[in-house]
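The values are calculated or read from the model by the stated rules, or taken from the named source; none is laboratory data. Bear in mind that the values here come from a model prediction, so they are computed numbers and not experimental data. Using ideal geometry, Cβ is built from the backbone for each residue, glycine included, and neighbour counts are taken over all protein chains shown. The accessibility values were calculated without ligands, DNA or RNA, using every heavy atom of the protein model including side chains. Shrake-Rupley method; radii C 1.70, N 1.55, O 1.52, S 1.80 Å.
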Amino acid sequence: MIDVRELTKQFPLAGGGDLTAVDAVSFTVNSGDVYGLLGSNGAGKTTTLRMILGLLKPTSGFATIDGFRSDEFPDEVKRRVGLVAANAGLYQYLSPREMLLFFADLYGVSVDAARSELEMLATLLGLSEFIDRPCGTLSTGQRQRVNLARALIHRPPVMLLDEPTLGLDVLGTRVITEFIDHLRGEGKAVILCTHHLDEAERTCTRFGLMHRGRIVAEGTLPELRVQTGCHSLVEMFLKLSVRGPALAGAAD
């Protein structure tokens, strides 16, 4: 469903030369998989997601969603993807109901299908108590629930989640975790970027550990334990921060 091949992005530096933000990254995510793309700030996770979605043109390599290359058919890719980002904004003076129906219309969803999907999402995400209030009056957790619904209103087969629990409390984080379980149960292909490594361990089926633009270790949690000699993701990242080049060589 998601196929990333040798994806590379370089940015020119003011003093000359290039900064390689993403360096020959390759991985696949099948339907029903939750792929944890994990790394520290500046590792290249968000840049990778932007190239997969077609928002950023790669320097080389490519990504496909359902057979469509994001650099050649960005509109077809966007029709098949739902994006949830921590900094996504809402229309302050619209209610969640108005905003979600508006986005459904943008995606070409029929009125009857949009209303049916809205009722399902309102129940799934607990939107009913504030669905007709202006979005500007909602709490951080409530706003993120609306963002989740917005990403699903057109029933995409692929979901990209970029730090979806940032700024949320324990209850808000639990909603996100249950939401990801729902996506997996529906057979969607999911990429999750998060700093909450303990939650990633419980939620993701496979992982790609990024360091300085490269995936230096990849696999299921048991496979990563064999590759790195560490038990938990936290221990893996502590080792990665000290021995990144060595770990990258082991992964190669």
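When LEU152, LEU127, LEU148 are checked against the criterion of being crowded, with 20+ Cβ neighbours inside 10 Å, of a type outside the set (Ser, Thr, Tyr), over 18 Å from VAL170 (Cα atoms) and in contact (Cβ under 8 Å) with a residue 24 or more places away in the chain, LEU152 stands alone in meeting it. Checked against (1) closer than 26 Å to ARG150 by Cβ; (2) open to solvent by less than 30 Å² (accessible area, probe 1.4 Å); (3) at pLDDT below 90, THR228 meets all criteria but (1). Helices (runs of 4 or more DSSP H) fully within segment 11-116 that include at least 2 residues being among the aliphatic types (A, V, I, L, M): 45-53, 96-106.
Answer yes or no as to whether ARG133 is among the charged types (D, E, K, R), assigned to a loop (DSSP other than H, G, I, E, B) and without any contact (Cβ under 8 Å) to a residue 60 or more places away in the chain. It is true that ARG133 is among the charged types (D, E, K, R), assigned to a loop (DSSP other than H, G, I, E, B) and without any contact (Cβ under 8 Å) to a residue 60 or more places away in the chain. Please tell me if MET99 is open to solvent by less than 50 Å² (accessible area, probe 1.4 Å), at pLDDT 95 or above and within 25 Å of THR20 (Cα to Cα). For MET99, the condition - open to solvent by less than 50 Å² (accessible area, probe 1.4 Å), at pLDDT 95 or above and within 25 Å of THR20 (Cα to Cα) - is not met.
Against the condition under 13 Å from VAL29 (Cβ atoms) and assigned to a strand (DSSP E or B), how does VAL190 come out, does it pass? Yes. Output the residue which, of all residues in segment 47-73 that are in contact with a helix residue (DSSP H, G or I) (Cβ under 7 Å, 6 or more places away or on another chain) and under 14 Å from ILE2 (Cα atoms), is most open to solvent (accessible area, probe 1.4 Å). Filtering first and then ranking leaves PHE68.
From the list LEU209, LEU166, the lone residue that is aliphatic (A, V, I, L, M), outside any helix (DSSP H, G or I) and open to solvent by 10 Å² or more (accessible area, probe 1.4 Å) is LEU166. Note on segment 41-55: residues that are touching an Asp or Glu at 6+ places or on another chain (Cβ under 9 Å) and closer than 13 Å to PHE11 by Cα amount to 1. For ARG143, the test of being loosely packed, with under 14 Cβ neighbours inside 10 Å and either among the charged types (D, E, K, R) or closer than 21 Å to LEU183 by Cβ (or both) is failed.
Contact map, segment 167-182: residues that are touching a residue at least 60 places away in the same chain (Cβ under 8 Å) paired with residues that are open to solvent by 50 Å² or more (accessible area, probe 1.4 Å), Cβ distance under 9 Å, separation 6+ or inter-chain. Pairs shown: GLY167/THR140.
A quick yes/no check of all residues on (1) open to solvent by less than 10 Å² (accessible area, probe 1.4 Å); (2) on the phi > 0 side of the Ramachandran plot; (3) among the hydrophobic types (A, V, I, L, M, F, W, C); (4) modelled with pLDDT under 90:
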residue	(1), (2), (3), (4)
PRO134	no, no, no, no
LEU161	yes, no, yes, no
ARG174	no, no, no, yes
GLY185	no, no, no, no
